[in-house]
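The values are calculated or read from the model by the stated rules, or taken from the named source; none is laboratory data. Small disclaimer: the values here were computed from a predicted structure and weren't measured. In this analysis, Cβ positions are derived from the backbone assuming ideal geometry, glycine residues included, and neighbour counts consider all displayed protein chains. In case anyone asks, the SASA skips ligands and DNA or RNA and just uses the protein heavy atoms, side chains included. Shrake-Rupley method; radii C 1.70, N 1.55, O 1.52, S 1.80 Å.
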Amino acid sequence: MSLINQVFQSFSQKKKQKEWPLVKMNQQRAAFLQEVIQESVQNMLTEDESTAGLREKISQTLYREKIRLNKKLWKVDTKAKILFWQQMEKMFHQSQQKKNYEEMLQKIMYHYVYEIAGNFRPSYYRVAEKIVEYGFARLLNASQLGGLRYLFSKKYQLKDKIQIIGATEDLKKLAKIGTIVMVPTHFSHLDSALIGWVIKTLGLPPFIYGAGLNLFNIKIFAYFMNSLGVYKIDRRKKNLLYLTALKAYANLTLQKQCHSLFYPGGTRSRSGMLEKTLKLGLLSTTITAQRNNYQKYGKNAPKIFIVPVVFNYHFVLEAPMLIQQHLLLEGVGKKFQEQDFYSKSYKILRFLGKFFTKDSEMCISIGHAMDLLGNAVDAKGNSYTSEGKYVDTYEYFMSGEKNDTVKKKEDQYTQTMSQAIIRAYYKINCVFTSHLVAFVAFRLIKKQHASLDFKHLFGLSSKEHTLDYDIFYRQVQKIYQKIMLLYQSKAIQVSPIMLHQNMDYIICHGLKHVGMYHSKRPLIKDSQGNITTQSLSTLYYYHNRLMGYGLEKYVS
Amino acid sequence: MDSKNMYHKPSIGVVGAGRFGTAIANLLAKKHNVLLYARRKSVVTTMQIQKKSAKQILHPNITPTNQLSVIAKKCETIFIMVSATGLPSCIQALAPYLSPYHTIIHGIKGLIHAKDIMQNDTIKTISQIITDASVVVKIGCISGPNLVRELEAKQPAATVVASKFEEVNKTVQQLLRSVQFQVYSSHDIIGVELCGALKNIIAIAAGCLSGMQYGDNTKALLISRGMVEMIYIGKALGASIAPFIGLAGIGDLVATCANHSSRNFSFGYQLAQGKAVKDILTEIQETVEGIHTVQMVKKYVQKQPIRAPITEIVYRMIFEQLPAHHALHILMKYPFHVDVDFLQ
C-alpha cells in the first residue's frame, strides 16, 4: 500500500471517528454529565416530592454507604471518597429544610455520576484496538508455530481461533441507522475483551458498556477501560440514589445514540447455565430511552435494536470457583477460599498465553437483531412478526395511555423483552463437543446414583464416578441425535465438528477439550478405557450448558 | 346513555356471537357502541333482521358484522368470546389486522394443546396463543361465575379481569362495571385463565355425582378436593395460588358445580346415568370445554410430579367408559391423608 493511500485511510478513519456518537458525546462531556445529574435528581423528586420522603432516601443512602465503608475497602475507594461521605453525614445532621436535602441530593448525584461516567478517548481506543488485534495475533503465532522467532509471523490470525457466527451483516447496517444494544451472556471476565475484539472485527463503532468497579482495581484493565467508554458499576451499592443515577446515565447515552452493551444476567453465570432470568433494571432503560426518542422526534425517531450474543467456550478459567459459589448458594457445597483468577495483570497474561498455546477454540454467536418487544428486525430496521407482518413499534409507545400506567406498562415490556432475549440465547447457543460429552457423563453419573441427593452425590469419591465407555458412547450418540433434531428445527446451533465429524471423533474431541486447562480435569479416560472425572463439580458446570432443552430425560 | 349521543365514542369489538359473547356485547352496549362479529353471513343477516342473537335481544348500540377487518379498524379494544377450539383459526384470521395499540380481552375458559421445542406435548393458555399469533401485547381475560341466564335476567354478578397490564384492567373495569355487574382485577392472567379452564373438569365430576343422586356432603368433598387439585395443576403451569381462592377460582367452581344448566355439569350428569358420550354431545349441541381440557391436562400431569386423581378418573369415564360408581369407588380409596398443605 502506498504512503498516500495509508495517509488517506488514516485521515478518513479519523473523520469517521469524529462522527461516532460516543466521540460526539464525549466532546461535550461536562454538559452531558450535568444532564445526567439533573435527570437523576428530577427522577428522585418526581417519585416522592415530600421532605420526609427525600430525607428518608438520603438517610438510607448514607447508612448503606457507612456500612459499605466499614467493610473491606477496595483500591478504588479513595480517601477523597471516604471524606465525601463523612461530609455528607455531617451535612445531613445539620439539615432540616427541604432545600438542604435537595442540595444534598445534587451533591450525591454529582458524586455518583462522576464515579460512574466513562471518559472515551479515541486515541486510547485506537491503541487498545491495536493491542487486541496485533498483540493477540503475535501471541497466537508465537505459540502455534513454536517460539518467539515466530512472533511476527502472519500465518495465524485471531479469526482462526475465534469464530463469529450469526447475523453480522445486518448488524453492521443497523449500527448506521439506529442504536445497537448488545446483550451477551456472561461466563468469564474474558467476555469483555472478546466482545471488544468482535466489535472491532465487524467494523462497528465503539460501544459503551458497564463493567464492575472491581475490575478497575486491576491496573491493566483500569488503564484501558477508563478511556474506552466503559462506565463503572459498583455492585456493592444497592441504594436507590445510586441505581437512579446509573439508570439515568444508561438512558441518556442511549438517547445520544451511543451503541451500548449490557450483561443482562448481571454477573457471570455461576452454574454454567445460559441465563434463565435477567436483571431488568438496566434493560428497562432501553424502553425509557426509546419512549423519550419517540416523544422528542416522533414516529421516525431512531430505533433501538437488541442484539443477543452468546459466548461459547470449551474452557472457562473461573469454572471451578464459579460452580463452588453456585453449589454453596444451593446449600450443597462447602465454604472455600475464593480465588480471583484475574486479580493481577500478570495472571491475565499467563491465561492468555495458555489459551493460545493449547488447541482451544471459541465461538461467538450473534443473534438476529430484535426490536424492544422481541419482534425480528430486518437490515433496514423494520420490525416484523414471525408471520412476516410489519409492525409499527411507535404504536407500542404512543397509544395515548395515561401517565400513571406508563411505568407499569413499560415494566411489562421489559419483561417481554427479557423473555425474548432468553429465547434467543437458547436458539443461538452453539453446542461444542465438550458440552455434549460433559452433559451425558454427568447425567449418567447422576442416574447411577439416583437415590442420592446432590449433597451426597458431590461427596462421592472419584472411583464411584466411573462410567463404562460403551454405555457412555451409546448415550452420547442418542443425545447427539436429539441435538441434531433441535438444530434442524433451528432451536440450537452446533459447531462444525459436531456437524461434519463422526461419533468417535466427536467424543474424542470432546473429552480432550472439556475444561482442558483445569488442574483437575472434568472428564478423562482411565487406564481401562472407561470414563471418569477428577472434579464432579466442574463436570457439572460444563454439563449445565445444555440444560433447559429437556434433553436430560433422554439419558437412560 | 342514548345511542344518538354516542357516535363520537370509540367502538368496542366483540368477536363471537354465542350466548356469552352476546351477553357481554349487551353489557358493553350500555355505555358504548359495539360491533358484534359472527363468522357466518347468514347469522349476521338474521341478527340484523331479528335484532336478536343467541336467543337474546340485542341492545340498539350493537351493530352485527362478519368482517374482522372492520372490527380491527374501528375498535381499539376487542373481546374474543369464541370456544377454545375455535380460537386458533379465529386469531389467525384476525391477526393480520391487529396493531400494537390494540387491547384484546378474551372470555374463553379452555386450554390449547401445543408442542414444546423437543416436540413434546404441552399446554398453552389462551393469552399465550394470542401473544404468539399477533403483535398485540395488551392482553387480558375475564373469568368468573357468569352464568348467562342470570346475566340476561340482570341479576347481581361479578367477574375478574386479569392482565399483566394495569391499563387493561382499568379499561375493562370502566367498560363493564355497572350497578348489577362488579369487576375485580388481578395481575395473574395465567392463574385466572387456568381457574376458568380447570374448573370445567371438576364441574363434569360434580355433574356425575348429581347424576348418581348423591347429596351435598359428597359434592362438598368433591369441590374441596377439586380445588386442591386445581391449585396443584395451576402451580405446575406457572400460576400463583391467589386466583384460585378468589372469585375466578372458588367462586366460579361453586357456581358451576351447583348449576344444572351448565354444559359441563349437564354432560357429567348424563354420563353418570350411562349415556354414551356421542349421544350426550348430540343432545347438548354446544362445545363442552371440559372434555378437551381433561384430555390435555391428563397428558400433562402424567409427566409431572403431581397427583390429579379427579382429572384421571374423569378422563377414564369419558374415554375409557369407566362406570360412574366404579370411578367414585376408586376416588374414595385414594390414599390422601393431608387436607391442605399447599398454602405452606
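Using the alpha-carbon centroid of each, what span in Å lies between the stretch B:275-318 and the stretch A:482-556?
After rounding, the separation between the Cα centres reads 42 Å.
Just list whichever of A:Lys247/A:Lys408; B:Lys115/B:Lys299; A:Lys99/A:Lys247 have alpha carbons separated by over 19 Å in the model shown. Display every interim value, and only then the final one.
Details: A:Lys247/A:Lys408 17 Å; B:Lys115/B:Lys299 12 Å; A:Lys99/A:Lys247 24 Å.
Cα-Cα > 19 Å for A:Lys99/A:Lys247; rest within.
Hey, got the dipole for the protein assembly as shown? About the Cα centre, +1 on K and R Cβ, -1 on D and E Cβ, debye to the nearest 20? Provide the component values of the computation, followed by the final result.
Values: 114 positive and 65 negative charges, 472 e Å.
Roughly 2260 debye, rounded to the nearest 20.
Rounded to the nearest 100 Å², what is the buried accessible area between A and B, both sides summed, probe 1.4 Å?
Buried area between the two chains comes out at roughly 1800 Å².
What is the distance, in nm, between label points placed 7 Å from the Cα along the Cα-to-Cβ direction at A:Leu69 and at A:Lys525?
About 6.2 nm separates the two model spin labels.
Restricting attention to the stretch B:248-320, which GluC sites (Glu not before Pro) occupy a DSSP loop and are surrounded by at most 13 other Cβ atoms within 10 Å? Write out the running numbers ahead of the final one.
Numbers: sites: B:Glu283, B:Glu286, B:Glu289, B:Glu312, B:Glu320; in loops: B:Glu286, B:Glu320.
Listed in order of number, the matching sites are B:Glu286, B:Glu320.
Other chains near B:166-179: what is the mean number of their Cβ atoms within 10 Å of each residue's Cβ?
2
Quick check: pseudo-label points 7 Å beyond the Cα along Cα→Cβ at A:Arg423 and A:Lys173, how many nm apart are they?
2.3
Which residues does a label at B:Glu320 reach in the stretch B:207-234, if reach means a backbone N under 15 Å from a point 7 Å past the Cα toward the Cβ?
none
On full extension of the chain, what length is gained from A:Lys463 through A:Lys99, given 0.36 nm per residue of separation minus the C-alpha to C-alpha distance? Display every interim value, and only then the final one.
Working: separation 364, 0.36 × 364 = 131.04 nm, distance 7.04 nm.
Separation in residues times 0.36 nm, less the Cα-Cα distance, equals 124.0 nm.
Would you jot down the residues in the stretch B:125-143 that end up with at least 50 Å² less accessible area in the complete protein assembly than in the chain alone, with a 1.4 Å probe?
In the stretch B:125-143, residues shielded by partner chains: B:Val135, B:Val137.
Answer with one residue from A:Val230, B:Ala327, B:Leu194: the one whose Cα lies farthest towards the positive end of the charge dipole of the protein assembly as shown, charges on Cβ with Lys, Arg +1 and Asp, Glu -1.
So the residue furthest toward the plus end is A:Val230.
If I compute solvent accessible area with a 1.4 Å probe over the protein chains, what percent of it on the protein assembly as shown is carbon and sulfur?
Details: 21830 of 41380 Å².
Percent of accessible area from carbon and sulfur atoms in the protein assembly as shown: 53.
Take A:Lys24, project a point 7 Å from its Cα along the Cβ direction, then tell me which residues of the stretch A:249-279 have their backbone nitrogen under 16 Å from it.
The answer is A:252-260, whose backbone nitrogens lie closer than 16 Å to the label point.
Kindly state, to the nearest 0.05, the FRET efficiency for B:Met332 paired with B:Ala276, given R0 = 22 Å and r defined as their beta-carbon distance.
Values: r = 26 Å, r/R0 = 1.16.
My answer for the efficiency is 0.30.
What is the calculated FRET efficiency for B:Lys299 to A:Leu452, with r their C-beta to C-beta distance and R₀ = 35 Å, to the nearest 0.05?
Numbers: r = 31 Å, r/R0 = 0.88.
Approximately 0.70, to the nearest 0.05.
Rounded to the nearest Å, what's the spacing between the alpha carbon centres of the stretch B:135-159 and the stretch A:55-70? Just the number, please.
Cα centres, the stretch B:135-159 to the stretch A:55-70: 50 Å.
Taking the Cα centre of the stretch A:26-116 as origin, sum charge times position over the Cβ atoms of Lys and Arg (+1) and Asp and Glu (-1), and report the length of that vector in debye to the nearest 20.
Working: 15 positive and 12 negative charges, 129 e Å.
Roughly 620 debye, rounded to the nearest 20.
How much accessible area per residue does the stretch B:199-333 have, in Å², with a 1.4 Å probe? Could the numbers behind the result be given before it?
Details: 5970 Å² over 135 residues.
Result: 44 Å² per residue.
Based on the mean of other beta carbon atoms within 10 Å per residue, what is the order of A:45-58, A:98-111, most packed first? List each step's numbers first, then the result.
Working: A:45-58: 14.4, A:98-111: 17.8.
The most tightly packed comes first, giving A:98-111, A:45-58.
Using DSSP to define loop residues, name the chymotrypsin sites (Phe, Trp or Tyr not before Pro) in the stretch A:502-556 whose beta-carbon has at most 16 other beta-carbon atoms within 10 Å. Spell out each step's value before the answer.
Working: sites: A:Tyr505, A:Tyr517, A:Tyr540, A:Tyr541, A:Tyr542, A:Tyr549, A:Tyr554; in loops: A:Tyr517, A:Tyr549.
Answer in residue order: A:Tyr517.
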